[in-house]
Amino acid sequence: MTSEKNAILCVGLVCVDSILVVETYPAEDTGQRCVESKWQRGGNASTTATVLSMLGEDAEFMGTITDRAEQRFLMEDFKTNCVDTKNVIVCEGSGCPTATVIINKQTGSRTILNSRNGLREMSYADFLSVNLDLYKWIHFETRPNCPDVMTMLSRVLDHNARVEDKIVTSVEFENPHRPHHDVLFNMADYMFVSKEFAQHYGYTNMEEAVEGLTHTCQPRIAIICAWGECGAAGKQSTSETVTSPALKLDHVVDTLGAGDTFIAGTLHALAKGRCLKSAIAFGCKLSGFKCGMRGLKGIEHLKNSSPVLSILK
């Protein structure tokens, strides 16, 4: 359970991932037997909360969830991974978002096919039930409800204006085609920008992305951009660009959730008081470790055994 003013709340999507591991990516109109298949809890904010919990944070997820059979699977998995769900919104009569994920065993690549299945997005009215006094950090995933997320962030900013112990905020910009995502610029303390998002705006590398985007933001805001095997970069307008290389692997096993893991690692390090350069370096190393294993189940063991993770102790 979360303790007073010590929790990190992740707001966004939870879904059921149907994982299919194949020897090679299938050609159209062919058939092959899967190496492995399973259900897994997915969703960006959901996965980020899980990794934060594995790193020892008091993590909570908030979002909408179905009232159908999938609800039990999802809620039991949250509980198993010690992710608080006290503010989850159960929607009666709605389907469950799903993602069919094809993982190529040869390369570790993942191909994702998504379906919302009629579940509504979270609203500002849902967010009004949140007791803001409990949180040190709130992280938002951009969804099709960006105007609602804007009013959620406005509520947090109003709260911060009245208290001494401020809530740190962050927003993930992954899909550049989300409607009205521009209303969220300049609102959070940290903006996590995906490679796809940066390329959509004409940037060709991570340094160019963070340097260009800082010109559109207030000086207090930090821009962080992960660029796959190139690593990640970060910048505030008042400081120099910092970068970190990606962790080099002999063999990539599974990249599903690597971006969510990077965000969780970086948030964890920043919450520990690390500088931006140290935080994105930690995020890159943690994300690299994740790509070398199937799923997330090995991450909780790294904090006690890995010299990379011990830098935060």
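Going through the cross-link list LYS38/LYS290; LYS5/LYS195; LYS195/LYS290; LYS195/LYS277; LYS248/LYS297; LYS166/LYS195, which pairs have a Cα-Cα distance over 22 Å in this structure?
Beyond 22 Å: LYS5/LYS195; LYS166/LYS195.
Only bridges whose two residues both fall in the chain count here: according to DSSP, what percent of them are antiparallel, nearest 5? Don't skip to the end; give the middle numbers.
Numbers: 21 of 55 bridges.
Counting DSSP beta bridges with both partners in the chain, the antiparallel share is about 40 percent.
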Subject >> Over the chain, relative contact order from alpha-carbon pairs under 8 Å, at least 6 apart, % >> reply: 15
Original post:
Taking a quarter of the surface of the Cα convex hull of region 147-207, what do you get in nm²?
Top reply: 4.6
Subject >> Listed peptides 255-266, 19-30 by packing density, highest first (mean Cβ within 10 Å) >> reply: 255-266, 19-30
**OP:** Select from the chain the helices, each a whole stretch of DSSP H, whose alpha-carbon atoms run 27 Å or more along the helix axis and whose Kyte-Doolittle mean is at least 1.0; answer none if there are none.
**Re:** none
Original post:
Taking θ as phi - 60°, what are the ³J(HN,Hα) couplings along region 9-23 by the Karplus curve (6.51, -1.76, 1.60), each to the nearest whole Hz, with x for Gly and Pro?
Top reply: 9, 10, 10, x, 9, 10, 8, 9, 8, 9, 8, 10, 9, 10, 5
Original post:
Tell me, what is the Rg over Rh of region 178-308, with Rh the Kirkwood radius over Cα pairs?
Top reply: 0.97
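By per-residue mean of other Cβ atoms within 10 Å, what is the highest-first order of 171-178, 244-251?
Ranked by mean Cβ neighbours within 10 Å, highest first: 171-178, 244-251.
Which FRET efficiency value, to the nearest 0.05, is calculated for ASP182 and GLU208 with the Förster distance at 22 angstrom and r the Cβ-Cβ distance? All intermediate terms of the calculation are to be shown ahead of the outcome.
Numbers: r = 19 Å, r/R0 = 0.88.
After rounding, the FRET efficiency stands at 0.70.
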Original post:
Dipole size in debye (nearest 20) for the chain around its Cα centre, Lys and Arg Cβ +1, Asp and Glu Cβ -1?
Top reply: 600
Subject >> Pair-distance profile P(r), taking every C-alpha pair of region 232-290, with 5 angstrom steps and integer % >> reply: 4, 22, 26, 24, 14, 7, 3, 1
Subject >> For CYS15, residues with placed amide H under 5 Å, excluding near neighbours >> reply: GLY42, GLY43
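Equivalent-ellipsoid semi-axes (√(5λ), Cα gyration tensor) for the chain, whole Å, largest first? Before the final figure, lay out the partial values.
On the way: eigenvalues 152, 119, 78 Å².
Three semi-axes, in Å: 28, 24, 20.
When you count, for each residue, the other Cβ atoms within 10 Å and take the mean per peptide, how do 83-89, 287-293 rank with the highest first? All intermediate terms of the calculation are to be shown ahead of the outcome.
Details: 83-89: 18.3, 287-293: 20.9.
Listed from highest to lowest mean packing, they are 287-293, 83-89.
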Original post:
Using θ = phi - 60° and the Karplus curve 6.51 cos²θ - 1.76 cosθ + 1.60, what whole-Hz ³J(HN,Hα) does each residue of region 134-144 get, with Gly and Pro shown as x?
Top reply: 8, 10, 9, 8, 10, 10, 10, 9, 5, 10, x
**OP:** Averaging over all projection directions, find the projected area of the Cα convex hull of region 84-192 and quote it in nm² with one decimal place.
**Re:** 8.8
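Regarding region 20-65, what's the average projected area of the Cα-atom convex hull, expressed in nm²? Write down the numbers at each step before the final one.
Details: hull surface 20.9 nm².
Average of the hull's projected areas for region 20-65 equals 5.2 nm².
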Original post:
What does the helix-only formula give at 222 nm for the chain: each DSSP H stretch with n ≥ 4 adding -39500 (n - 2.57), the total divided by the residues, and the result rounded to the nearest 500 deg cm²/dmol?
Top reply: -9000 deg cm²/dmol
**OP:** Give me the compactness ratio for region 32-151, meaning the Cα radius of gyration over 2.2 N^0.38 Å.
**Re:** 1.15
Original post:
If Lys and Arg each add +1 and Asp and Glu each add -1, what is the summed charge of the other residues whose beta carbon sits under 12 Å from the beta carbon of GLU211?
Top reply: -2
Subject >> Neighbour cut-off at most 15 other Cβ (10 Å), DSSP loop, trypsin sites (Lys or Arg not before Pro), region 41-80 >> reply: ARG68
Original post:
How are the C-alpha pair distances of region 112-269 spread across 5 Å bins, as whole percents from the shortest bin up?
Top reply: 2, 8, 16, 20, 20, 16, 10, 6, 1, 0, 0
Original post:
Cα gyration tensor of region 193-249, axes a ≥ b ≥ c as square roots of the eigenvalues: rounded (a/c below 1.5), prolate (a/b > b/c) or oblate?
Top reply: oblate
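Since every read-out is calculated from the coordinates, none of them should be taken as a lab result. Keep in mind that what you see is a predicted model, and the values were worked out from it rather than measured. Neighbour counts are summed over all protein chains in view; Cβ atoms, including those assigned to glycine, are modelled from backbone coordinates with ideal geometry.
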